[in-house]
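The structure appears below as structure tokens.
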Amino acid sequence: MRERGYAVNHNQYLQGVCAIAAPVLDGEGVPLAAVAVSLPDSRFEPGRLAELGQLVTDTAAEITTRHLR
């Protein structure tokens, strides 16, 4: 996760469900929460993984920035 900035769960927690998540951090870099998107395995397209990962990472970074104000 540290390399990409997001984690992927592909049928690991619950069969048929996929999720992509990124952490919301405090001022010291400690995770406070997460932003995640989940979808049925039947709708998961591996070719969109980088795009979805970037969306959750950008959203988590925006929340982190707003939290630090």
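The values are calculated or read from the model by the stated rules, or taken from the named source; none is laboratory data. Bear in mind that the values here come from a model prediction, so they are computed numbers and not experimental data. Please note: Cβ atoms are built from the backbone with ideal geometry, for glycine as well, and neighbour counts cover all protein chains shown. These area figures cover heavy atoms from the full protein model, side chains too; ligands, DNA and RNA do not enter into them. Shrake-Rupley method; radii C 1.70, N 1.55, O 1.52, S 1.80 Å.
Data overview
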{"read-out": "Cα pair count fraction exceeding 19 Å, expressed as % - the chain", "value": "34 percent"}
{"read-out": "Relative contact order for the chain, counting Cα pairs under 8 Å that sit 6 or more residues apart, in percent", "value": "31 percent"}
{"read-out": "Amide H within-cut-off set for Ala33, under 5 Å, with H built and near neighbours excluded", "value": "Val24"}
{"read-out": "Protection-proxy order for peptides 24-34, 5-15, 55-65, each taking the mean of Cβ atoms within 10 Å per residue, highest first", "value": "55-65, 5-15, 24-34"}
{"read-out": "Per-residue HN-Hα couplings for segment 59-69 [Karplus 6.51, -1.76, 1.60; θ = phi - 60°; Hz; x = Gly/Pro]", "value": "5, 4, 5, 5, 5, 4, 4, 5, 5, 7, 5"}
{"read-out": "Size of electric dipole in the chain: Cβ of Lys, Arg +1 and of Asp, Glu -1, about Cα centre, debye, nearest 20", "value": "60 debye"}
{"read-out": "Share of carbon and sulfur in the accessible heavy-atom surface of segment 30-69 [1.4 Å probe, %]", "value": "56 percent"}
